[in-house]
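K.L.:
Below is a structure I'd like to ask you about.
The values are calculated or read from the model by the stated rules, or taken from the named source; none is laboratory data. What you are looking at is a predicted structure, and each value in this text was computed from that prediction instead of being measured. Counting neighbours? That spans all protein chains shown, and the Cβs are built from the backbone with ideal geometry, glycine included. Side chains included, ligands, DNA and RNA excluded: accessible areas come from the protein's heavy atoms. Shrake-Rupley method; radii C 1.70, N 1.55, O 1.52, S 1.80 Å.
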Amino acid sequence: MRRLVVVGGALAGHRSAVHARRLDPDLDITVLAAEDELPYQRPPLSKGYLLGTVSSQRVRLRGAGEGYRLLAANPAIGLDLAQSSVLTSDGIQSFDLLIIATGAQPHRLEGFPPDQDVVYLRTVGDANLLKEALARIHHLTIVGGGFIGAEVAVSARRLGVEVTIVEQSAHLLSRAVGPGVSRLIEENLQRLGVELALESTTKLEAVNNRRLVRDGSREWLTDLVVVGVGVHPSTEWLGGALPLREDGGVAVNEFGFVDGFSQIAAAGDVASWHHPLYGRPLRFEHFEVAANQALHAAEALVSDKHIAYTDIPFGWSDQGELLVQILGVPSPGLAEEEESVDGGNMFLYRRDDRIEGAILVNAPEELTALRDRILSSLSS
Ligand SMILES: Cc1cc2nc3c(=O)[nH]c(=O)nc-3n(C[C@H](O)[C@H](O)[C@H](O)COP(=O)(O)OP(=O)(O)OC[C@H]3O[C@@H](n4cnc5c(N)ncnc54)[C@H](O)[C@@H]3O)c2cc1C
């Protein structure tokens, strides 16, 4: 019986294990998970879960833990290619086939060690801490004006908490979107009463039971700090055994195989996947990308069908009154063009004549046509 080991027990890990089971009912499948949880989804953790509109039951992925052996609280600590085995603190797991699905983890900010009052939001445990705090605090400081920061700010305002976002750039999300989209996100947050401290870097000090934040020109007391300054792929456990790319992700070809290996695949936030339509490797931190790459990775390893991942990558950010939908690669370095659409906004990002990416703000009905438009632009 062939043995598949999946490292990472969240979205990409669970989905690849479930798909592998569908493809081969006789496969022996073990999922190694660092967290002591059944596989769950992260998007609600900055939104409905904090507001209490999405329960912990609903956060769980459908069929979580079914059809495979889940070894929870059992992180992989090494990969022995010569022995085809994964090392864990409990022993070794030998494999014939291996899927890497260890996702990403938050960058730590110097001077902001995680504790009761400094939260890095990635896991359901982090979200529980934040949710409990939001029920009792008056003021929240968010360091880092990215998607997670903006979403947490909206949730906190809805719960009546005062919020300041500190961002070192001149605009929120300037590394992810163009200036037109940044402006709409900033306006929405300001309408909700969020204070924006832009072009600002901060220091943190403890003062009695509160924290003092200094940003160069001024200082304020806050009850809780959420740090959201980006993530990096969780690859340290590999100890250099597999090839990594410049973006930090595991190097993967268009089918999902790790470069140079026919028995190892990778998917999700940890994977730097060669995208044939873009002609270059890309790494995303989008739910749908991780969910779909997981199917390709399982297919590549378990069946004889190798199907290139050619989806137009899609992610979204729900910020209360604002629904931001991201298609393709809307690099902020590219020129941003706005096209008028009913009721919302559409922004296109071109490289030469090709539309590489687009962002819709409150225009979900445009999504399908826009996806087709990007696909035909990239294919021509
Ligand atoms: C708060 C939040 C909100 C989000 N909202 C959105 C959204 O609105 N829209 C959107 O498109 N995307 C959103 N995302 C991004 C989306 O959730 C990710 O793209 C998705 O979770 C990636 O799935 P993954 O399985 O690749 O990685 P992860 O979800 O990171 O899962 C990887 C798992 O592997 C485990 N692991 C790590 N190292 C090891 C090891 N050595 N051994 C065993 N296990 C290990 C980790 O503990 C983790 O459970 C959000 C993310 C967060 C954190």
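K.L.:
If a residue has to be part of a loop (DSSP other than H, G, I, E, B), touching a Leu at 6+ places or on another chain (Cβ under 9 Å) and under 21 Å from GLU288 (Cβ atoms) to count, how many in the range 55-77 make the cut? Explain how you work it out, then say what you get.
P.N.:
Taking the range 55-77 first, the residues part of a loop (DSSP other than H, G, I, E, B) are 55, 61-68, 72-75.
Pick out the ones that are also touching a Leu at 6+ places or on another chain (Cβ under 9 Å) and you get 61, 64-65, 68, 72, 74-75.
Within this subset, residues satisfying the condition of being under 21 Å from GLU288 (Cβ atoms) are 61, 64.
Matching residues across the range 55-77 total 2.
K.L.:
What number goes with the only condition from (1) over 22 Å from LEU129 (Cβ atoms); (2) open to solvent by less than 20 Å² (accessible area, probe 1.4 Å) that ARG69 does not pass?
P.N.:
(2)
K.L.:
Residues VAL177, VAL118, VAL161, VAL154: which one is under 26 Å from GLU336 (Cβ atoms), over 18 Å from the mean Cα position of the chain (by Cα) and buried (at least 18 other Cβ atoms within 10 Å of the Cβ)?
P.N.:
The conditions single out VAL154.
K.L.:
Which of the residues belonging to the range 103-114 are under 16 Å from ALA133 (Cβ atoms) and open to solvent by 60 Å² or more (accessible area, probe 1.4 Å)? So that I can check it myself, show each step before the final result.
P.N.:
First, pick out the residues of the range 103-114 that are under 16 Å from ALA133 (Cβ atoms): 112, 114.
PRO114 - this is the single residue of the range 103-114 that is under 16 Å from ALA133 (Cβ atoms) and open to solvent by 60 Å² or more (accessible area, probe 1.4 Å).
K.L.:
Out of the range 1-35, which residues are assigned to a loop (DSSP other than H, G, I, E, B) and near the ligand (Cβ under 10 Å from one of its atoms)?
P.N.:
Result: GLY8, GLY9, ALA10, ALA33, ALA34, GLU35.
K.L.:
Among the candidates LEU98, LEU61, LEU51, single out the residue that is in contact with a His (Cβ under 9 Å, 6 or more places away or on another chain) and within 14 Å of the ligand (Cβ to nearest atom).
P.N.:
LEU61
K.L.:
Among residues belonging to the range 278-328 that are within 14 Å of the ligand (Cβ to nearest atom) and among the aromatic types (Phe, Trp, Tyr), point out the one that is surrounded by the most Cβ atoms within 10 Å (Cβ to Cβ). Reasoning before the result, please.
P.N.:
The initial filter retains those residues of the range 278-328 that are within 14 Å of the ligand (Cβ to nearest atom), namely 282-298, 309, 311-320, 322-328.
Keeping just the survivors that are among the aromatic types (Phe, Trp, Tyr) gives 284, 287, 309, 314, 316.
On the way: PHE284: 21, PHE287: 18, TYR309: 26, PHE314: 17, TRP316: 18.
Only one residue fits best here, namely TYR309.
K.L.:
Now for a separate question. Take the residues of the range 267-277 that are near the ligand (Cβ under 9 Å from one of its atoms) and at negative phi: which is most open to solvent (accessible area, probe 1.4 Å)?
P.N.:
ASP269
K.L.:
Is there any pair with a first residue in the range 12-34 that is assigned by TED's automatic domain parsing to the domain that holds THR88 and in contact (Cβ under 8 Å) with a residue 12 or more places away in the chain and a second that is crowded, with 24+ Cβ neighbours inside 10 Å and among the charged types (D, E, K, R) whose Cβ atoms are under 9 Å apart and which are 6 or more apart or on different chains, and what are they?
P.N.:
As it stands, the answer is ALA12/ASP269, since those pairs meet every condition given.
K.L.:
I'm told LEU221 meets every condition in (1) under 19 Å from the mean Cα position of the chain (by Cα); (2) open to solvent by 20 Å² or more (accessible area, probe 1.4 Å); (3) aliphatic (A, V, I, L, M) except one. Can you identify the failing condition by its number?
P.N.:
So LEU221 meets the others, but not (1).
K.L.:
Could you tell me how many of the residues in the range 252-265 are within 16 Å of the ligand (Cβ to nearest atom) and either in contact with a Leu (Cβ under 8 Å, 6 or more places away or on another chain) or open to solvent by 10 Å² or more (accessible area, probe 1.4 Å) (or both)?
P.N.:
4
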